[in-house]
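A short write-up of the structure that comes next.
The values are calculated or read from the model by the stated rules, or taken from the named source; none is laboratory data. This is a predicted model, so every value here is computed, not measured. Every residue, glycine among them, receives a Cβ derived from its backbone with ideal geometry; neighbour counts consider all protein chains shown. Ligands, DNA and RNA are stripped out before the accessible areas are found, and what is left, the full protein with its side chains, is counted by its heavy atoms. Shrake-Rupley method; radii C 1.70, N 1.55, O 1.52, S 1.80 Å.
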Amino acid sequence: MDARLKRLTQVLLVLFGLLALRLVQFQLVQGRRYAELSDHNRIRKIVLSAPRGRIFDRGGRTIADTRPSFTVSVIPTEMTDSTLPLLARLIDVPLEDLETRVEPVAFLASPVKVLRNLSQEALFRVEENRFRLSGVRTSVDPVRSYPSEDRYCHVLGHLGEVDKEDLGRDSSYRMLDYIGRAGVEAKYEQLLRGRDGYEYVEIDARGHEIGPLPEKRPVPAAAGRDIYLTIDDRLQQLAYRLTRGYQRAAVVGIKIPTGEVICLHSRPGFDPNLFTGTISAQAWSELSENPSKPFYNRAISATYPPGSMLKPVVALAALKTRVATTGTRFQYCNGQYRYGNRAFKCWTGHGILDLPGAIAHSCNVYFYQLGLRLGLDSLVSYCQAMPLGQLAGIDLPGENPGVIPSREWLNQRYGKGRWHMGVLLNFAIGQGEILASPLQMAVTYAAIANNGVFRRPHVLARVDSAGRTVHRAVADVERVSIRSHDLAQVKRALERVIEYGTARTARLREIRIAGKTGTAENIGADHAWFVGYAPADRPEVVFAVLVENAGHGGVVAAPIARQLIRTWFSIPDEDAR
Amino acid sequence: MRRVDLWVIVLTILLTAVGMLAVYSAGGTRYLVRQLVFLPVAVAGLLAAWFVPRRVMHGTSIWFYGAIVLLLGLVLFLGAGPGSRRWFVLGPVAFQPSEFTKLAVILLLARHLAGRRSLELSFRSLAVPVLICLAPAVLIVVEPDLSAALTLGAILAAMLYWQGLRPLHLLLLFIPLLSFAAGFSLWTWIPFFVFLAVIMLVRTNLFKAVITLAFSSFFALLSPLSLRLLRDYQADRIRSFLAPWFDPHGVGWNAIQSRIAIGSGQLFGKGFLCGTQNRLGFLPNRHTDFVFSGLGEEFGFIGALFLLGLLAFLIRRLLVIARHERDNFSSLLCVGCAAVIGYQAFINIGMLLGIMPITGVALPFISYGGSSLLLSYVLVGLVLNVSSRPA
């Protein structure tokens, strides 16, 4: 009898001992690992998207904002086979699109965004089918919006979804994140983007979120920095309105003492909201196939021959190198100048002029001769100080340095000795090879207006973080050497351009303006230029206006600059009086 | 003068209390209340089993057995249940006849074996006891409820051993069943085969060993074949037992989540009602078959070991009572009861700890469920009955 009890007790001890050993193994030896697994099980890391920093004009008007939008995400490991097909139907997105999105991250147990800017109706459809959509989440995410629509497109640029390259370069981006692709959005991406936060939520076995996890504090998203631009919205709106009648145009305004860009407009443009909504294929092809290239920022990326607007620069170069004085007179202008076996034209017969007169009347014949006396190399080096032929250094991507036809450049372009000094004559009147952007012309005239001292142009005024200014932009000072006596003469000539010269259309009774028109010779219709500053005696602002294929600058471009100057100085409209 | 075994009563109360805590933590108030409603029924069952005259018990055991077999037959046609026919539903009450089959088999086996002086491995000696088990077992397998049927095997083994069948003979008797079970995988089959070969060669001669091994191999070969005949969920359970990490969200999910729950409890547990695995629904059937995982998570190693200790102590206590009984019927009855509790506890906890396949066996006293609680209490009642007769 005793043996049986002993035996059975032994069996009992062995079996229960086995269980106890297993408990030791799981709970004591591997306990920590299982505890981690258990946390991993029930904890889901939810990314809290940081709202992108807002962008304001210099007066604090919102030109780029963030607004809430509905986002659909999927948790790949929790999807069933029927999840994606059903979801695709409900949110009206091709199934293949969803699959290509989810496939590379199929191992993830955290949400992957698949569609932003979900319409309310689609959201309701998803919510109604919630129980059949395992692994699908909806959330409210901040998304960029541009109340300014297309008024600022070339200043602000636009956003785009990150691509593989971005993800490889910076691991803090996640799929479907937006990144600045052009303009301020690209240039100040790191300031604007902010830092995404995290929230840990407890989930049950079906993946339903129970609520925040008490022991793991959420890391709130840090909103991006707010950026104040130097742009004046009044001017921007006006430039937009005034160029609306033309196909392609650009306007640049700079505040001379500081280098602040107060207006920067290029036509045609696009609505950057298209890129943060889901851009339709049709809208995209319309934009990308438009022959006027709406993504092209003509104000800084397009270059044109400056035409007569270069003449004051040539004059200053001649005065500085003392090859001429303000009183220098040349051969009589009868409407053309013979050089070699070619006749170089003037637009009318001017007779004999002194230098200020030649500027005021824009006499080509005078400048042909001045250019020849000055020589190519002197003219090139003076232009390069301006800055022509090199970047003005604006804080926007895509600036074009333009062209100054230096000896090396010409040798490279045409071959050594295969170009004629005739290029110098064209150069001296701002035609031919020389190319400059509207921005460069504005900066050049800022330098002239400000006695050779100018500041690097910039659009960033200051950076705010949570309402506190953390950075104020101060532009570098640049200098170009100008003799002040000469300068006064040239500036006087530029005033006369407005008073009774080619740009009388820019004249304002209340304020004295100095400036110069230009006509960029072109294979098609000429481009109209005007660049001018005001007030003439104490220059504050400079505007460069270019209208493509619009003919003479005095007719088209100068009146636009006049309106802009009037608005900047808050001079009421004549008609209103 | 009646001698009542206080230990059995104390252990029963302790186990019931632990069970109530576990059911509350896993299933909330709803299941706790239901379990509390079952409790008086179970206590009534215990008292009935305690005070029914032994004579009546002995006399009616054959009728009880007959009735149960009849019910098992009926449940196949009239029963309800998810994917299987195990339950009788009478209004708000549902009960599983298979639970009470265990009781009927214990009673009838005790009555039959009590009269036998010696047992040996022969048809004459073992045909009747085996048949007593096999008849209801077949009906239960058809339900299908394999694990409940196997409990009957455990009862038979324990009671035959108690009545004097030699362990070797017992082993040989169960060779078809054991070979079949081991045959599902080479990993279980090879150790079993080697074990059998060694035992047979040491204890008997080469000829018998070869015969036995051939016999065993035949049954082992049947099992991969039968895997195809098994219901999908049964085959899946066996596969998940063999490789639980293979398909974490599919078949092995239950096994993994149960391990994570128990393991993450570590030494002291996460605290009562603080088990995340348990309360967030990561455990399947967390108030019934997986109730021990929730306990392991919330009360840790200390708590789990305490529960194991309670169960082991109770079983040991039943065996001690069995030894002290003068008459065979009472003694065998106690052993049968100990076998049911011991077997179910080992299988249930073993499956959660990954040493047994996941099967639907309830943890006696602890798992939520009226039938299971009632059976546990009636078993205790029977033991109290036979142990508390006038000394």
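For this structure, a couple of remarks:
- Residues that are more than 8 Å from chain A (Cβ to nearest Cβ) and either more than 13 Å from the chain's Cα centre (by Cα) or open to solvent by 20 Å² or more (accessible area, probe 1.4 Å) (or both), drawn from region B:155-164: B:Ala157, B:Met159, B:Leu160, B:Gln163, B:Gly164
The rows are residues; the columns are (1) on the phi > 0 side of the Ramachandran plot; (2) open to solvent by 50 Å² or more (accessible area, probe 1.4 Å); (3) more than 14 Å from every other protein chain (Cβ to nearest Cβ).
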position	(1), (2), (3)
A:Gly31	no, no, no
A:His40	no, yes, no
A:Ile46	no, no, yes
A:Arg54	no, yes, yes
A:Val74	no, no, yes
A:Asp81	no, yes, no
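- Of all residues making up region A:1-27, the number that are closer than 19 Å to B:Pro357 by Cα, of a type outside the set (D, E, K, R) and at the interface with chain B (Cβ under 7 Å from one of its Cβ atoms): 7
- Selection of region B:19-58 for residues being surrounded by 14 or more Cβ atoms within 10 Å (Cβ to Cβ) and of a type in the set (S, T, N, Q) yields B:Ser25, B:Gln35.
- A:Lys491 vs. criteria among the basic types (Lys, Arg), within 14 Å of A:Ala446 (Cα to Cα) and touching a Leu at 6+ places or on another chain (Cβ under 7 Å): no
- Matching residues in region A:337-355 - criterion: being outside any loop (DSSP other than H, G, I, E, B) and open to solvent by less than 70 Å² (accessible area, probe 1.4 Å): A:Tyr337, A:Tyr339, A:Ala343, A:Phe344, A:Gly351, A:Leu355
- When region B:1-35 is filtered for residues that are of a type in the set (A, V, I, L, M, F, W, C), modelled with pLDDT under 85 and farther than 23 Å from B:Ser387 by Cβ, only B:Ala26 remains.
- Annotation: of all residues in region B:300-320 being over 18 Å from the mean Cα position of the chain (by Cα) and closer than 20 Å to B:Phe346 by Cβ, the one that is most open to solvent (accessible area, probe 1.4 Å) is B:Phe306.
- Residue count for region B:322-333 satisfying the condition of being at pLDDT 90 or above and open to solvent by 10 Å² or more (accessible area, probe 1.4 Å): 0.
- Listing of strands (runs of 3 or more DSSP E) fully contained in region A:413-485 that carry 3 or more residues being open to solvent by less than 30 Å² (accessible area, probe 1.4 Å) and either touching a residue at least 24 places away in the same chain (Cβ under 8 Å) or assigned by TED's automatic domain parsing to the domain that holds A:Leu156 (or both): A:460-465
- Candidate set from region B:165-193 (those that are in a helix (DSSP H, G or I) and among the polar types (S, T, N, Q)); member that is surrounded by the most Cβ atoms within 10 Å (Cβ to Cβ): B:Ser179
- Residue selected from region A:199-218 under the condition under 18 Å from A:Gly135 (Cβ atoms) and at pLDDT 65 or above, by the criterion nearest to the other protein chains (Cβ to nearest Cβ): A:Asp204
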